Amino acid sequence: MASLSVDFLKTLQARFRIILGSTSPRRKQILNNLGIPYETIPSKFSENLDWRTFSHPHAYVLENAKQKAIDVYAQVTASNPCQPCLVIGADTVVYANETVLEKPKTAAEALKALQLYRGQPHAVLTAICLVWASAPADTEPLDTDSSVALVLSGADKATETLSLVNMPGLQEPVWLYSAIEETQVLFAPDVPLEALQAYVQTGEPMDKAGSYGYQGLASFFISKIDGDYYNVVGFPCHRFFMMLYRLVRLECSNLKASLNPMLDSPDELTR
């Protein structure tokens, strides 16, 4: 398979041991398409957070992605603390009818979710969290728990967040670079119940957030989306690609300046 030969990806590969903190075959395939070498180490995070305790589903999915990435980072640095690594964490949920829908526990639960989608748009939310450690020789130590919103140019005017934090169980502060992608999805209102029942019987919904996979048989039910198709699959390609680009730009610049609250031109990070 052809891959992109661009300088920032070469720099990334030379600088880091890249680790995907997920065993999702869909995320692995998307990362394979990018053509960068990586390892897969599953997170041991229990994923037992209650979404109702969060101010917004965005905060919930972001916390899951962050905890997954930090858990894998801790595993890796405990066994090999000298090798710089970049851990990629991600989490996807569906938000519909003011409810967060994750992987169904039963076939009945899956069918109920699918019926809810007919004729009513729902949101697919994916959070990406990149974790790494960096201590450039030409900078002074940074105060931890500092953060800056990277306000990005482009049609969506999205915001990504870069933070330097102390985390329990880690010996050094780590950088957390996070973003959330949202895609609106609409199932056609006239999808017959018989088709939804047959879909559940295939077993395909049972390992997927929101009880369906766009890349599979559920594609026959979806009449419209607004946003990134790959976000619905579970890993927003464009968002991830640009995060890697900005990460390399940040690493090659003065990271301390990136946390300056008086940053004059945050859009410079996108150029």
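The values are calculated or read from the model by the stated rules, or taken from the named source; none is laboratory data. Just so we're clear, the structure is a prediction, and the values are computed from it rather than from any experiment. Neighbour counts are summed over all protein chains in view; Cβ atoms, including those assigned to glycine, are modelled from backbone coordinates with ideal geometry.
Entry remark, the range 92-114: residues being charged (D, E, K, R) and without any contact (Cβ under 8 Å) to a residue 40 or more places away in the chain number 3 in total. Criterion applied to Q83, Q75 was being part of a helix (DSSP H, G or I) and surrounded by fewer than 20 Cβ atoms within 10 Å (Cβ to Cβ), and the one residue passing it is Q75. If you go through the range 170-217 and keep only what is out of contact with any Lys or Arg (no Cβ under 7 Å at 6 or more places or on another chain), over 30 Å from P84 (Cβ atoms) and part of a strand (DSSP E or B), you end up with E182, T183, Q184, V185. Only one of the listed residues (E182, E160) is modelled with pLDDT of 90 or more, surrounded by 15 or more Cβ atoms within 10 Å (Cβ to Cβ) and either in contact with an Asp or Glu (Cβ under 7 Å, 6 or more places away or on another chain) or of a type in the set (D, E) (or both). That residue is E182. The condition of being out of contact with any Ser or Thr (no Cβ under 7 Å at 6 or more places or on another chain), surrounded by fewer than 19 Cβ atoms within 10 Å (Cβ to Cβ), at negative phi and not in a loop (DSSP other than H, G, I, E, B) holds for only one of A59, A69, that being A59.
Can you tell me which residue is modelled with the highest pLDDT among those in the range 201-215 that are surrounded by fewer than 15 Cβ atoms within 10 Å (Cβ to Cβ) and not polar (S, T, N, Q)? Residue satisfying both the conditions and the ranking: G203.
Yes or no, residue by residue, for (1) charged (D, E, K, R); (2) within 20 Å of L250 (Cβ to Cβ):
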residue: Y73; (1), (2): no, yes
residue: V87; (1), (2): no, yes
residue: T92; (1), (2): no, no
residue: Y95; (1), (2): no, no
residue: E98; (1), (2): yes, no
residue: P104; (1), (2): no, no
residue: A110; (1), (2): no, no
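The test for being among the polar types (S, T, N, Q), closer than 21 Å to L9 by Cα and surrounded by 15 or more Cβ atoms within 10 Å (Cβ to Cβ) holds for S22.
For the residues F220, F187, F235, the requirement of being at pLDDT 95 or above, in contact with a helix residue (DSSP H, G or I) (Cβ under 9 Å, 6 or more places away or on another chain), of a type outside the set (G, A, S) and surrounded by 19 or more Cβ atoms within 10 Å (Cβ to Cβ) singles out F187.
The selection criterion, being over 14 Å from C129 (Cα atoms) and either touching a Lys or Arg at 6+ places or on another chain (Cβ under 8 Å) or not in a helix (DSSP H, G or I) (or both), holds for K105. Just so you know, in the range 1-21 the residues that are of a type in the set (S, T, Y) and not in a helix (DSSP H, G or I) include one that is modelled with the highest pLDDT, and it is S5. Looking at T40, is it surrounded by fewer than 18 Cβ atoms within 10 Å (Cβ to Cβ), over 21 Å from N64 (Cα atoms) and at pLDDT 90 or above? For T40, the condition - surrounded by fewer than 18 Cβ atoms within 10 Å (Cβ to Cβ), over 21 Å from N64 (Cα atoms) and at pLDDT 90 or above - is not met. In the condition set (1) more than 23 Å from A65 (Cα to Cα); (2) at pLDDT below 95; (3) not aromatic (F, W, Y), P192 is compliant with all but (2).
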